[in-house]
Amino acid sequence: AQTVTQSQPEMSVQEAETVTLSCTYDTSESDYYLFWYKQPPSRQMILVIRQEAYKQQNATENRFSVNFQKAAKSFSLKISDSQLGDAAMYFCAHLGGNKLVFGAGTILRVKS
Amino acid sequence: DAGITQSPRHKVTETGTPVTLRCHQTENHRYMYWYRQDPGHGLRLIHYSYGVKDTDKGEVSDGYSVSRSKTEDFLLTLESATSSQTSVYFCAISESGQGLDEQFFGPGTRLTVL
């Protein structure tokens with residue numbers, strides 16, 4: 001079974017600074033995808049970024065980028081130039097065999 | 001925004017009563033999913049459907065059943081609700097179930113079982 005671990009229950013960052021959220025996973029799948037989702041207080045789940053495991057290049061989406069270390073089974077999210085609107089719960093997730101498995105989440109607080 | 005609605009959005013019920021949650025989509029996506037969200041666990045898959053009348057179990061399926069008689073509707077039923085089923089329930093849809101197709105999530109239903 002796949003597992004996803006987010007070891008940081010809560011993180012804080014100063015506005016305009018950079019923060020990195022950690023995620024490790026365990027999988028028996030050879031072909032899989034990894035995701036970061038954002039959940040603001042509205043509860044809406046929003047896809048932030050996606051990484052295909054067979055691609056060595058790290059995915060980037062504007063201020064969001066990942067550090068994908070396949071051998072170490074690590075998938076961290078870096079948020080650059082943090083904004084107040086980035087404050088939310090962030091979930092790391094693994095998709096293999098049509099099933100999405102989520103980590104427990106990291107609450108990100110942004111200080112002005 | 002993907003056309004996904006969930007009903008009801010909030011429900012309070014008593015232990016032992018049956019409860020049905022509805023997910024409705026207007027996107028004609030093949031895959032539909034039910035998750036529950038609890039503190040410390042993130043979202044966990046309950047059941048999913050890969051077509052009309054085709055369903056499979058997820059990680060936490062005990063105590064839940066599902067049905068999909070039409071492409072657009074996916075029902076989650078708690079036959080006899082228990083306090084441990086108090087949670088926020090999310091429906092999601094995707095076109096193919098594969099990683100290149102995003103899973104779009106509904107707004108969630110908060111269920112409280114007293």
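Using θ = phi - 60° and the Karplus curve 6.51 cos²θ - 1.76 cosθ + 1.60, what whole-Hz ³J(HN,Hα) does each residue of segment B:39-47 get, with Gly and Pro shown as x?
Ordered by residue, 3J(HN,Hα) equals x, x, 10, x, 9, 10, 6, 9, 8 Hz.
Over chain A, with the other protein chains present, what is the accessible area per residue in square angstrom, probe 1.4 angstrom? Show your work: numbers first, answer last.
Numbers: 5360 Å² over 112 residues.
Value for chain A: 48 Å² per residue.
Roll a 1.4 angstrom probe over the protein heavy atoms and tell me the percent of accessible area of the protein assembly as shown that is carbon or sulfur.
Working: 4840 of 10610 Å².
That share works out to 46 percent.
If you count only protein heavy atoms with a 1.4 Å probe, what accessible area per residue comes out for chain B, rounded to a whole Å²?
46
Run the reach check for A:K70 against lysines, Cα to Cα strictly under 22 Å, same-chain hits fewer than 8 apart removed. What comes back?
Here the lysines satisfying the reach criterion relative to A:K70 are A:K55, A:K78, A:K99.
Given a 1.4 Å probe and the protein chains all in place, what does the accessible area of A:M89 round to, in Å² to the nearest 10?
The accessible area of A:M89 comes to roughly 50 Å².
Show the residues, 5+ positions off or on another chain, whose built amide H is closer than 5 Å to the amide H of A:E17.
Long-range HN contacts for A:E17: A:S82.
As a test of reading the structure, rank A:K99, B:K70, B:K53 by solvent-accessible area (1.4 Å probe, protein chains only), most first. Numbers along the way, then the final one.
Details: A:K99 70, B:K70 100, B:K53 155 Å².
My answer, sorted largest first, is B:K53, B:K70, A:K99.
Mind checking the full-extension length gain between B:T82 and B:T15? Use 0.36 nm per residue of separation minus the Cα-Cα distance, one decimal, nm. Let's see the in-between values first.
Numbers: separation 67, 0.36 × 67 = 24.12 nm, distance 0.50 nm.
Fully extending the segment from B:T82 to B:T15 adds 23.6 nm.
With label points built 7 Å along Cα→Cβ from the Cα atoms of B:R22 and A:N67, find their separation and express it in nm.
4.9
Can you give me the distance in nm between label points at A:Q14 and B:K57, each placed 7 Å from the Cα along the Cα-to-Cβ direction?
5.2
For B:T5 paired with B:Q98, estimate the spin-label separation in nm (one decimal), with each label point 7 Å from Cα along the Cα-to-Cβ line.
Once both label points are built, they end up 3.2 nm from each other.
With a 1.4 Å probe and every protein chain left in place, tell me how much accessible area B:K11 has, in Å² to the nearest 10.
70
Can you give the FRET efficiency to the nearest 0.05 for A:T3 and A:S30, using r as the Cβ-Cβ distance and R₀ = 22 Å?
After rounding, the FRET efficiency stands at 0.85.
The values are calculated or read from the model by the stated rules, or taken from the named source; none is laboratory data. Keep in mind the model is a prediction, meaning the values are calculated, not measured. No Cβ is skipped: glycine too gets one built from the backbone with ideal geometry, and neighbour counts run over all protein chains shown. The accessibility values were calculated without ligands, DNA or RNA, using every heavy atom of the protein model including side chains. Shrake-Rupley method; radii C 1.70, N 1.55, O 1.52, S 1.80 Å.
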